[in-house]
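Single-structure report; data block below.
The values are calculated or read from the model by the stated rules, or taken from the named source; none is laboratory data. No experiment lies behind these values; they were computed from the predicted model shown. Cβ atoms come from the backbone with ideal geometry, glycine included; neighbour counts cover every protein chain shown. For the accessible areas, the whole protein counts, side chains as well, though only heavy atoms, and no ligand, DNA or RNA atoms are used. Shrake-Rupley method; radii C 1.70, N 1.55, O 1.52, S 1.80 Å.
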Amino acid sequence: MRYISTRGAAPELDFDDVLLAGLAQDGGLYLPESWPRFSAEEIRTLQDLSYAEIATRVVEPFMAGSVALPEIGTLLREAYAGFDHSAVAPLKQLDKRTWLMELFHGPTLAFKDFALQAVGRLFDKVLTARGRCITIVGATSGDTGSAAIEACRDRDRIEIFILHPKGRVSEVQRRQMTTVTSGNVHNIAIEGTFDDCQDLVKAMFNDMSFREEVQLSAVNSINWARILVQIAYYFHAATALGAPDRKVAFAVPTGNFGNVYAGYGARQMGLPIERLIVGSNRNDILTRFFDSGAMTLAPVHPTLSPSMDIQVSSNFERLLFDLCGRDGEAVTKTLARLRQDGSFEVAPAQLEQARALFAAARLDDEETLAEVTRLQHETGELIDPHSAIGIAAARAKAGDLDAPVVALATAHPAKFPDAVEQATGRRTALPARLADLYEREERMSVLPNDYTAVTAHIRETKGVRGAA
Ligand SMILES: *Cc1c(COP(=O)(O)O)cnc(C)c1O
């Protein structure tokens, strides 16, 4: 399987190189040259398989030529063995036609574990085969940092440094990162904002000599392997509800457009998905796009669903590539317009093409809390604010369909206890394995928002362990 860049000016790579590269050299995102398709009969055979087996069938055709391919079944079984629920991604019925797919039973209680638990292991395999070691550096405002740390802890060929803004992430989120005591895990609290953290990481990637010296790498959500692994749960849910003989719709609380784009991938592979419904919070750049065809930047507002507080959805570029007839030059021009003018608009035919599959709805904080309250009254379920936005979007945008709608629950309610309590008067307990999270010892370095100080710290810390 060969991969091409959405901007059309980077070398074609195979799976392993795409995994390690993350971003393409021309600034674009990698995509398979063509999508493998499953026949109805092939989809039907998935109905009887376990979650890890379905995931194996889904990812195999994309990994042709990878050193990890012969062991991918074992690798995925191990990736999901530590999840708290034997179904891995259990489905729960909310009303006659709406189902909840719980994607929060992994080690850090958010859906990002699905991708990162697999990607950490894939990195290990490929690095071992190549005799290489890397340093992963990332900035986090919440869920990504802990999921990446859990995925990379104790891996011999990876040192991982996660920067978070000091005092600006929730206590659960901070403790999920800082209480991991593995020698290759390093938390840095930056005296600054999330944007400062992100700017420091970007500067490291632009610093060619530092990049080379520490073999810098990333596991952010534009990495193709993360998207690929997420395609599996769309097949898992749809086949459980009767696909390929019954159509299904999905509703997805969306930030960077990675999760819902995996649903688009499932449809490209032949899964009968009738509609993909995007849920946004007040940061509604995507909802405005699907309503109007114009993508216009706006300032980011903090909300009760912080993992969706974004200005630009980076993975949207992958959909744009198809809307532009897979013309990399057109994508490059369109995105340059967004950078220069803060806005671009697609042609009516392109908007029509997007709206044939996608719909979108937006909820502010008040509406989000009202949805959490409603769900508790009507179903007894405590739902986190992100997931509530997906469920409300499903109700708003699937009324005319005669297909079941699966709403993706992206975080455990115990991860956002204050919002859930505000809406329902109840707090959810953390799962037993995290029950002592508030007593565990924390380990982190506090550093100023200063490039020289942070890179010096990474060199020194990495050197100590690297020499051992
Ligand atoms: C990351 C995240 C999202 C957004 O997912 P995208 O793939 O960025 O669209 C939604 N909900 C939760 C809880 C998250 O952690």
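The criterion of at least 1 residues that are in contact (Cβ under 8 Å) with a residue 24 or more places away in the chain, in contact with a Pro (Cβ under 6 Å, 6 or more places away or on another chain) and within 15 Å of the ligand (Cβ to nearest atom) is met, among helices (runs of 4 or more DSSP H) falling completely within region 171-286, by 194-206. Does Asp113 satisfy the condition of being of a type in the set (D, E, K, R), modelled with pLDDT under 95, within 16 Å of the ligand (Cβ to nearest atom) and open to solvent by less than 40 Å² (accessible area, probe 1.4 Å)? Considered against the rule, which asks whether it is of a type in the set (D, E, K, R), modelled with pLDDT under 95, within 16 Å of the ligand (Cβ to nearest atom) and open to solvent by less than 40 Å² (accessible area, probe 1.4 Å), Asp113 comes out as no. Does Leu351 satisfy the condition of being open to solvent by less than 40 Å² (accessible area, probe 1.4 Å) and either within 16 Å of the ligand (Cβ to nearest atom) or touching a Cys at 6+ places or on another chain (Cβ under 6 Å) (or both)? Judged against the criteria, Leu351 is not a match. Of everything listed in (1) in contact (Cβ under 8 Å) with a residue 40 or more places away in the chain; (2) outside any loop (DSSP other than H, G, I, E, B); (3) loosely packed, with under 14 Cβ neighbours inside 10 Å; (4) not aromatic (Phe, Trp, Tyr), the single unmet condition for Leu46 is (3).
Look at Ser39 and say whether it is free of Cβ contacts under 8 Å to residues at least 24 places away in the same chain and among the hydroxyl-bearing types (Ser, Thr, Tyr). Quick ask: steps written out before the conclusion?
On the way: free of Cβ contacts under 8 Å to residues at least 24 places away in the same chain: no; among the hydroxyl-bearing types (Ser, Thr, Tyr): yes.
When the stated conditions are applied, Ser39 does not pass them.
Would you mind stating whether Glu421 is in contact with a helix residue (DSSP H, G or I) (Cβ under 9 Å, 6 or more places away or on another chain) and of a type in the set (Asp, Glu)? No; evaluated as a whole, the condition is false for this residue. One residue alone among Arg77, Arg57, Arg97 is under 30 Å from Val172 (Cα atoms), more than 16 Å from the ligand (Cβ to nearest atom) and surrounded by 14 or more Cβ atoms within 10 Å (Cβ to Cβ), and that residue is Arg77.
Ser387 meets all of the listed conditions (1) at pLDDT below 95; (2) under 20 Å from Ala262 (Cα atoms); (3) small (Gly, Ala, Ser) but one, namely (1). Somewhere in region 443-459, is a residue among the charged types (D, E, K, R), closer than 30 Å to Glu102 by Cβ and either within 16 Å of the ligand (Cβ to nearest atom) or open to solvent by 30 Å² or more (accessible area, probe 1.4 Å) (or both)? No - not one qualifying residue is present in region 443-459. Residue count for region 34-43 under the criterion of being surrounded by 15 or more Cβ atoms within 10 Å (Cβ to Cβ) and not in a loop (DSSP other than H, G, I, E, B): the result is 1. Screening Ile136 with (1) open to solvent by 50 Å² or more (accessible area, probe 1.4 Å); (2) touching a Cys at 6+ places or on another chain (Cβ under 9 Å); (3) among the aliphatic types (A, V, I, L, M) gives one miss only, at (1).
Exactly one residue among Ala423, Ala359 is in contact (Cβ under 8 Å) with a residue 24 or more places away in the chain, open to solvent by 10 Å² or more (accessible area, probe 1.4 Å) and assigned to a strand (DSSP E or B), and that residue is Ala359.
Residue count for region 362-391, restricted to those that are open to solvent by 10 Å² or more (accessible area, probe 1.4 Å), in contact with an Asp or Glu (Cβ under 9 Å, 6 or more places away or on another chain) and more than 17 Å from Pro306 (Cα to Cα): 2. The set of residues in region 377-393 that are near the ligand (Cβ under 9 Å from one of its atoms) and in a helix (DSSP H, G or I) comprises Pro385, His386, Ser387, Ile389, Gly390.
Taking Pro302 as meeting all but one of (1) within 20 Å of the chain's Cα centre (by Cα); (2) surrounded by 20 or more Cβ atoms within 10 Å (Cβ to Cβ), write down the number of the exception. Result: Pro302 passes all but (2).
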